[in-house]
Amino acid sequence: HMVVFCDINEELLTAAQATVEAKYPGARVYGTKCDVGSADDVAKLAAFAREKLGVVHYWVNNAGINGGRKPFVDLTPQQIEAVVNVNLVGLLLCTKVAIDLMSKQAGVTGHIFQTVGSGVKGGGTPGYAAYGATKRGLPQLTDSLVAELTKGVPGFDVPKPKGTVNCHTLSPGM
C-alpha cells in the first residue's frame, strides 16, 4: 500500500500516518502539511503526491469542517469563511489539481472521490447551515465533472487527455 495524507494540523497528520502504518506494516505512508483552501498549498500537495507515488490512481477529497454547532446568525464572518474555504474552495482546488495530474498519466485511469456530508440530500441542517450549504452542491459538481470528462463542453475544443479521469461522490453513512 502507498498513500499520501495531508492536513493543516501536523499533530493530526502524524496520528493518521501512525494509524495506517500500524494497521498495514510495510505500507509506504507519506504526509505533508497543506491548507486545502490555498491554491499554492494544493499545487504543492499534487507535486508531493506525484513525487512520492509516481502514479496517482485515487484522490479522495475528505477535508471538512463544520464551524461549530450554532445558529447561522451567531457565526462570525471568519467562521463562515473558514467553512467555505475548506469544504468548497478546498475541494474545488484539489479536484482541479487532481484532474490536471491524472489527465497527464498516459494509459492510467484515475478516480477522484468527493466526500459529502450532512446537507447533501437537502432538508436543512439546523445548527450547521454553512456546512450543509457547502456539501449540498457537491453532487451537482460531480455530475458536471462526469459530463465534462466524458462528453466535453459544448463549444470548447479540449484535447484528449493522456489519462482517463473519473469523478465520484462518496457518501459515508448517508
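The values are calculated or read from the model by the stated rules, or taken from the named source; none is laboratory data. Values in this document were obtained by computation on a predicted structure and should not be read as measured data. Cβ: placed from backbone, ideal geometry, glycine included. Neighbour counts: every protein chain shown. Side chains included, ligands, DNA and RNA excluded: accessible areas come from the protein's heavy atoms. Shrake-Rupley method; radii C 1.70, N 1.55, O 1.52, S 1.80 Å.
Descriptive notes on the structure:
- The chain, accessible surface, carbon-and-sulfur percent (1.4 angstrom probe): 56
- Solvent-accessible surface ranking, highest first, for THR115, THR109 at 1.4 angstrom: THR109, THR115
- Working note: 222 nm ellipticity from helices only, DSSP H runs with n ≥ 4, each -39,500 (n - 2.57), summed and divided by the residues of the chain, gives -13000 deg cm²/dmol to the nearest 500.
- Compactness check for the chain: Cα Rg over 2.2 N^0.38 Å is 1.09.
- Taking the C-alpha atoms of the range 2-43, convex hull volume expressed per residue in Å³: 53
- Highest-first packing order for the peptide set 74-82, 139-147 is 139-147, 74-82, based on the mean count of other beta carbon atoms within 10 Å.
- Peptides ranked, highest mean first, by Cβ atoms within 10 Å: ranges 36-44, 130-138, 93-101: 130-138, 93-101, 36-44
- The local environment of LEU101, defined by Cβ-Cβ distances under 12 Å, has a net charge of +2 under the rule Lys, Arg +1 and Asp, Glu -1.
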